[in-house]
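Notes to accompany the following structure.
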Amino acid sequence: MDVAVIDEPQRASRREFRRYRHTVLNGVNKVRISLMRDSDGSTMTPTGRPAPAGVEELVLGYRTAEVGLVSIIVPVLNSAARLERLLASIEAQDYRAVEVIVNDDARSADGADAVVASYAESIAVVYLRQNDCLGGGRLVGAQHARGEFLYFVDADMVLGPGVLAECVRACRDGAIAVCVAEEQVVHEFWSRCKWLDKRVMRDSDDAESVRFVPAQRYWQVGGHHPDLMFAEDKDLDLRIRSLGAAIVRTRHVVRHDEGRLSPARQFRRAYYWTQFRSVTRSVSPAAAAVPTRIGWRVALYLRRWPMLARHPLLTLGLGVLRSADVLGLLAASLPGWTRSRRMDYRK
């Protein structure tokens, strides 16, 4: 298979796209993607209906969904080594109707394109360089997708055997979207503490977000917001859940390899990501509140205390990591420390 490399957006200019929200009109096996704005230039909320009178509509194009195809969308930034492990796990899936859309940051210089090319014989793959923030990177990837289903993953994930088949089967059985269970890859003591945290948080609506969704449903709620760097996945999750249909969780897991952890690194990560919270708060206050709200985590720890009691030393270490999270959140909340969404988002 050839690798499709796309450097320029096949849509309206990036400036227009960031300024105006889009809406989607669904036809039979087709998705019509368009931007809409009022005559005064104000932003519109996605409606899924034709533009009303007095509203300018800029059609971006039509895409035909390929029945049964899963489009896996991966935004990356200097993640070639981790991307190779992800692609290997996709190649090993028993579900074969797959395409991968790798959306790289223009600043990347680690040879991710060569990694993508090395899998071109076994996986249908599109390589983009249009990733300027997490929400926008995922959204642009979805615009280039041909699949009936969209699956949003990170470069540091490894798909377990059977994940894709289980997700497709769940949607065929009536699920509107799927939450895929995650398991932490263990390198040392601190990552083992994070492993315990993910086990405790599993099956929590607050801790987990929808990642696998039929394309029609994704566009029905407007897709990822193009300006979000903080809680962009939870923003989409809440809008999907607002449709009111069934959301299921997988039995198979995805392994999440965040590398070697430490309290200092946990502090830096919390500090970094929280600086983008104000943008999310202006768009989706509910989504912005979930990652920084401590109460639901404490309630979940208390409810699942037997699991923590079986690992007392790891529980103590987990308390240290969570304390580092809180300190990073508080430090980033100081006046004057909120960054723009275009800053480097490497972990």
Candidate set from segment 181-200 (those that are of a type in the set (Val, Ile, Thr) and open to solvent by 10 Å² or more (accessible area, probe 1.4 Å)); member that is nearest to the chain's Cα centre (by Cα):
Val185
Val163 under 19 Å from Ala81 (Cα atoms) and out of contact with any helix residue (DSSP H, G or I) (no Cβ under 6 Å at 6 or more places or on another chain)
no
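If you go through segment 75-91 one residue at a time, how many are more than 21 Å from Cys167 (Cβ to Cβ) and of a type in the set (A, V, I, L, M, F, W, C)?
Residues of segment 75-91 more than 21 Å from Cys167 (Cβ to Cβ): 76-82, 84.
Narrowing further to those that are of a type in the set (A, V, I, L, M, F, W, C): 76-77, 80-81.
So the count comes out to 4.
Can you name every one of the helices (runs of 4 or more DSSP H) wholly within segment 60-161 that holds 2 or more residues which are farther than 24 Å from Arg255 by Cβ and open to solvent by 10 Å² or more (accessible area, probe 1.4 Å)? Walk me through how you get there before you give the answer.
Working: elements: 80-91, 112-118, 134-143.
Counting at least 2 such residues, we get 112-118.
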Taking Glu166 as meeting all but one of (1) at pLDDT 95 or above; (2) in a strand (DSSP E or B), write down the number of the exception.
(2)
Tell me, please, whether a residue that is buried (at least 18 other Cβ atoms within 10 Å of the Cβ), at pLDDT below 90 and out of contact with any strand residue (DSSP E or B) (no Cβ under 6 Å at 6 or more places or on another chain) can be found in segment 261-270.
yes
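For residues in segment 169-180 being open to solvent by less than 30 Å² (accessible area, probe 1.4 Å) and not in a helix (DSSP H, G or I), which is farthest from Ala246 (Cα to Cα)?
Within segment 169-180, the match that is farthest from Ala246 (Cα to Cα) is Val180.
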Segment 272-315, residues that are open to solvent by 30 Å² or more (accessible area, probe 1.4 Å), touching a Leu at 6+ places or on another chain (Cβ under 8 Å) and under 22 Å from Arg192 (Cα atoms):
Tyr301, Met307, His311, Thr315
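In segment 205-216, which residue that is among the charged types (D, E, K, R) and farther than 20 Å from Val74 by Cβ is most open to solvent (accessible area, probe 1.4 Å)?
Restricting attention to segment 205-216, the residues satisfying the condition of being among the charged types (D, E, K, R) are 205-206, 208, 211.
Adding the requirement that they be farther than 20 Å from Val74 by Cβ leaves 205-206.
Values: Asp205: 81, Asp206: 54 Å².
Here the residue is Asp205.
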Hits in segment 226-264 - residues which are closer than 14 Å to Asp206 by Cα and of a type in the set (Lys, Arg)
Lys234, Arg239, Arg241, Arg249
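The values are calculated or read from the model by the stated rules, or taken from the named source; none is laboratory data. Keep in mind that this is a model prediction, so the values were computed, not measured. Positions of Cβ are generated from backbone atoms using ideal geometry, with glycine treated the same way; all protein chains shown enter the neighbour counts. All accessible areas refer to the heavy atoms of the entire protein, side chains included, with ligands and DNA or RNA removed. Shrake-Rupley method; radii C 1.70, N 1.55, O 1.52, S 1.80 Å.
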